[in-house]
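So the structure is just underneath, and the comments pick up after that.
The values are calculated or read from the model by the stated rules, or taken from the named source; none is laboratory data. Source: prediction; values computed, not measured. Positions of Cβ are generated from backbone atoms using ideal geometry, with glycine treated the same way; all protein chains shown enter the neighbour counts. All accessible areas refer to the heavy atoms of the entire protein, side chains included, with ligands and DNA or RNA removed. Shrake-Rupley method; radii C 1.70, N 1.55, O 1.52, S 1.80 Å.
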Amino acid sequence: MSDIVATLKILKKSFPNPGAMELGSPYQNLVAVMFSARTRDEQVLKLLPGFWKAFPSVEVLSKATTLQIEARINTIGMYKQKAKNLKKMAGDVVSKFDGKIPSTMEELVSLAGVGRKTASVVLVCSFDKTAIAVDTHVFRVTNRLGWIKSKTVEDAERKLLEKVPAKHHQTVNRVFVKLGRYICIRSPRCWACPVREMCAFKKKNLVPPKNANEILEDIEKREKNLEILRENAT
Ligand code: SF4
């Protein structure tokens with residue numbers, strides 16, 4: 001357990017920025033996370049200012065047609081399905097939750113297009129509740145670190161909720177999404193990993209490539225760019 005907390009503390013220092021979809025209001029946060037499924041964060045963040053202009057609230061969104069929503073989001077993957085889910089989600093929030101994005105896991109996952117991962121991000125970022133959103137990065141990195149041995153995200157979420165002390169739950173997704181995106185990629189860059197000494201992965205790649213500096217500069221640039229886009233997306 002002390003290793004887990006120490007690892008999270010190091011990663012928090014290495015990746016101090018909020019998650020890319022940690023935005024403004026619960027409505028904005030929920031919609032952004034729904035958009036981000038199988039879509040690059042940069043693409044989502046770029047379309048958000050126009051989207052908020054067209055649909056500034058869940059009430060306005062609930063009155064839009066699916067076609068109107070599609071027209072605003074057709075630059076991202078699965079936009080037709082996402083538009084359908086958004087319309088249904090907004091209608092349900094208005095009719096069942098008095099126009100307020102709900103703040104419990106049970107209520108959130110009752111909404112169209114909202115699974116446990118999306119709900120967990122919203123619970124953490126908008127309502128300051130403890131939850132662990134397990135996406136592909138969190139799943140891969142925590143398995144490699146040796147924190148869990150899981151074959152499914154459901155099992156990983158359950159084990160992580162048990163293993164990680166509750167007051168650190170909120171940090172897990174924030175730091176591992178970034179570590180997984182930049183360093184602990186498919187062929188991991190262990191040579192650049194700030195927590196390699198605490199990692200159980202057996203096939204560590206510890207030799208920096210010739211263009212190591214370029215890679216590190218590129219990571220820094222991507223992270224800065226993401227943060228600028230995030231700040232402009234509300
Ligand atoms: S040491 Fe390597 S495998 Fe372990 S978390 Fe870091 S990048 Fe991933």
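Details
- Residue satisfying all of: in the range 98-110; in a loop (DSSP other than H, G, I, E, B) and either basic (Lys, Arg) or free of Cβ contacts under 8 Å to residues at least 24 places away in the same chain (or both); least open to solvent (accessible area, probe 1.4 Å) among these: PRO102
- Residue list for the range 192-226, filter: within 13 Å of the ligand (Cβ to nearest atom) and among the charged types (D, E, K, R): ARG196, GLU197, LYS202, LYS203, LYS204
- Residue under evaluation PHE139, criteria (1) without any contact (Cβ under 8 Å) to a residue 40 or more places away in the chain; (2) under 16 Å from the mean Cα position of the chain (by Cα); (3) within 15 Å of the ligand (Cβ to nearest atom); (4) open to solvent by less than 20 Å² (accessible area, probe 1.4 Å), criterion not met: (4)
- Filtered residues of the range 160-173 (kept if in a helix (DSSP H, G or I) and in contact (Cβ under 8 Å) with a residue 12 or more places away in the chain): LEU160, LEU161, LYS163, ALA166, LYS167, HIS168, HIS169, GLN170, THR171, VAL172, ASN173
- Identity of the residue in the range 6-50, among the aliphatic types (A, V, I, L, M) and open to solvent by 30 Å² or more (accessible area, probe 1.4 Å), that ends up nearest to the chain's Cα centre (by Cα): ALA37
- Summed over the range 195-213, the residues that are open to solvent by 90 Å² or more (accessible area, probe 1.4 Å) and either at pLDDT below 95 or part of a loop (DSSP other than H, G, I, E, B) (or both) give a count of 5.
- Verdict on VAL122 being modelled with pLDDT of 95 or more, in the same structural domain as ARG38 (by TED's automatic domain parsing) and buried (at least 17 other Cβ atoms within 10 Å of the Cβ): yes
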